[in-house]
Amino acid sequence: MSDTNNSSDNSKNVDMKDSQTQEVTKSDPLRNSTSKSIGVRKAELMLKQYQHPGLKILVYFCIFIIGYAYSIDGSLRYTFQAYATASYGQHSLISTVGVIRAVAAAASQPTYARLCDRFGRIELFVVSILFYALGTVIESQAYDVQRFAGGAVLYQIGYSGVLLILQVMLADFSTLNWRFFCSILTTTPFIINSWVSGNILDSLYPKYSWNFCIGMWAFIFPLTCIPLLCCLFHMQSLAKKKDEWKQILSDEKENHSEWTWEKTGTFIESTKAFIFCQGRILKSLFWEIDAIGIMFIICIFGFILVPFTLASGVTDKWRQASTIAPLVVGFVLIPFFIIWEKKYARFPVAPFELLKDRGVWAALIVGVMIDWVWYMPNDFMYTVLMVAMNQSQKAAMRITMLDSFVSVLVGPMTGLLIAKVRRTKGFIMFGVSMWCIALGLLLHFRGDNNGINSQTSVNGVIGALCVMGMGTGFFTYVTQTSIATCTNHEHMAVVMALYMSSYNIGLAFGASISGAVWTNLMYKQIVKEMEKAGIDTALATFAYGSPIGAGGFIQEYVWGTAERIPVVLAYAHVQKILCIVGLILVFPMLIATLFLRDHKLVSVQSLEKGSSGEGAVVNKDDDDYIKRKFMTFVGKK
């Protein structure tokens with residue numbers, strides 16, 4: 001009797017699950033009967049056309065070329081951004097530009113993930129290239145910081161899209177145990193760029209203006225993307241010959257029958273039908289990308305973080321309405337964002353079932369903390385090296401890239417170890433621990449500078465950045481691999497986008513706090529040190545606003561002069577505070593690593609089995625050795 005009841009209950013449960021699945025499939029235009037979105041199905045079929053090792057190597061090489069282009073551009077642009085803001089007499093606003101870029105990146109990456117699953121990788125890759133080029137042109141032609149920031153936003157939207165789609169492509173091509181090794185392919189150019197970037201900088205500036213040095217990438221970068229685009233279009237042409245591709249197009253048309261229109265009646269009637277069709281498309285996309293949720297993210301982070309970088313400096317603006325109002329609005333919007341995502345968003349920015357899993361939320365915390373911690377000592381690194389440590393622009397450029405260089409050297413070795421060990425958590429915890437040591441070294445050497453003997457401080461900073469780079473090679477991209485194991489291929493792009501967005505949210509926090517510390521303390525500290533030295537404090541405005549660049553402070557007052565020493569001492573004081581903040585923040589990141597999952601990295605593209613909820617597959621069976629040992633240590637089984 002009990003067996004009969006159990007079987008009856010089971011059949012009811014199965015029927016209920018089937019009906020729920022059908023309801024989700026029917027209500028979710030991203031899915032079809034196979035429960036995979038159109039973009040994912042297209043990508044999988046295209047990848048089947050390039051299974052030959054030679055063809056895979058060709059794709060990897062094309063991605064390497066793109067990675068080389070945007071990494072050298074990014075390194076140089078970071079430097080020219082300092083020269084650009086200095087040329088406007090507003091050098092401290094470099095952090096404001098950084099915050100605005102980070103907010104744009106954080107909002108754009110989930111959107112890219114949704115759209116590339118909707119339309120496909122190629123289409124969004126082309127859109128990203130266009131944004132990259134357009135933003136670069138606007139930046140290069142900007143004659144004030146507002147227009148420069150506007151161009152930076154468009155560039156960042158394009159750059160973030162390129163970065164995400166390349167990572168998704170690499171994930172599509174790789175199995176879990178080799179995922180990390182493949183994902184660092186785009187970072188390997190730093191091995192070269194760390195040394196040649198200084199020479200490139202010297203050959204470009206000041207021979208050419210910073211405008212030209214930025215603007216040339218609007219032409220160079222799209223050219224480097226042509227080989228990969230050719231490979232992708234070739235894959236697509238091969239896939240189109242398969243019956244499966246026709247089935248995908250048929251399913252796409254069936255799922256979006258409301259997107260089609262036919263020429264009927266008069267020209268005016270056809271035009272009306274076309275306009276109504278476009279309206280239906282926009283309405284559908286409005287809900288699918290969660291446009292309201294994305295706007296909430298932009299407004300909340302923009303209104304809260306940007307004022308911190310603007311509220312002080314030569315004049316204090318903390319009591320002005322232009323500073324207080326955005327902060328109030330930003331904090332007020334937070335509960336409305338939560339209510340919208342929980343109750344009204346048809347397709348939330350992230351499935352809540354995924355966010356509730358510790359393997360996901362712990363990885364996102366680590367992602368936020370990475371750039372938050374990194375920006376504390378590194379946001380103004382280039383300027384500090386030139387002004388407070390007497391380094392040439394070539395040397396300063398190379399030193400700022402030193403941690404990236406070391407991380408790229410360590411990364412491939414870590415990738416080979418992970419492919420063999422097939423676990424990630426221990427590597428992540430070790431890498432974060434190395435950052436604790438690095439921040440301690442930076443605290444000592446960055447905050448201990450007398451304005452005369454610079455070499456000791458420089459040597460200490462170099463050593464600290466090497467340690468930081470070693471730690472980076474053990475955990476940043478490894479955490480990306482860890483979060484990808486928590487779900488299946490269908491939601492892989494979404495969790496990767498969330499992780500990369502968490503990077504940018506951390507970047508926004510980091511740039512905002514470092515900018516707030518700099519703008520609130522630096523000018524006052526320079527005035528204080530000049531008063532101690534008996535120097536005319538009117539010079540403080542010049543030293544604060546235009547420390548580097550043509551006609552900058554350090555060109556007029558060379559190393560060791562009475563006017564330069566107070567500025568160096570002020571820089572050391574502010575840098576010490578920033579390094580203390582970074583050292584404090586690294587410990588929450590270390591705690592978050594304890595909660596990560598430690599799935600075994602088997603030789604498959606993704607782990608498809610797991611508990612399902614809200615349309616998301618969550619893999620919770622990870623056999624976490626470190627967790628078991630920790631629970632035993634604290635006396636719990």
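Observations, loosely collected:
- Exactly one residue among Ser322, Ser312 is crowded, with 18+ Cβ neighbours inside 10 Å and at pLDDT below 80, and that residue is Ser312.
Okay, residues lined up against (1) outside any loop (DSSP other than H, G, I, E, B); (2) more than 24 Å from Ala102 (Cα to Cα); (3) modelled with pLDDT of 80 or more; (4) in contact with a Lys or Arg (Cβ under 8 Å, 6 or more places away or on another chain):
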| site | (1), (2), (3), (4) |
| --- | --- |
| Lys253 | yes, yes, no, no |
| Gly265 | no, yes, no, no |
| Lys272 | yes, yes, no, no |
| Ile298 | yes, no, yes, no |
| Glu341 | yes, no, yes, no |
| Ala350 | no, no, no, no |
| Leu364 | yes, no, yes, no |
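- Single residue of region 594-637 satisfying the filter (outside any loop (DSSP other than H, G, I, E, B) and at pLDDT below 65) that is surrounded by the fewest Cβ atoms within 10 Å (Cβ to Cβ): Ser611
- Yes/no for Ile462 being closer than 26 Å to Gly67 by Cα, of a type in the set (A, V, I, L, M, F, W, C) and within 24 Å of the chain's Cα centre (by Cα): no
- Only residues that are of a type in the set (A, V, I, L, M) and free of Cβ contacts under 8 Å to residues at least 40 places away in the same chain were counted across region 332-354, and they come to 5.
- Test: residue in region 140-163 that is buried (at least 21 other Cβ atoms within 10 Å of the Cβ), charged (D, E, K, R) and assigned to a helix (DSSP H, G or I): no
- Residues in region 39-79 that are under 30 Å from Ile548 (Cβ atoms) and at pLDDT below 85: Ser75, Tyr78, Thr79.
- Residue selection: Ala533 satisfies the criterion of being at pLDDT below 90 and farther than 30 Å from Asn211 by Cβ.
The values are calculated or read from the model by the stated rules, or taken from the named source; none is laboratory data. Computed from a predicted model, the values in this text were never measured in an experiment. Cβ sites come from the backbone with ideal geometry, for glycine too, and all protein chains shown count toward neighbours.
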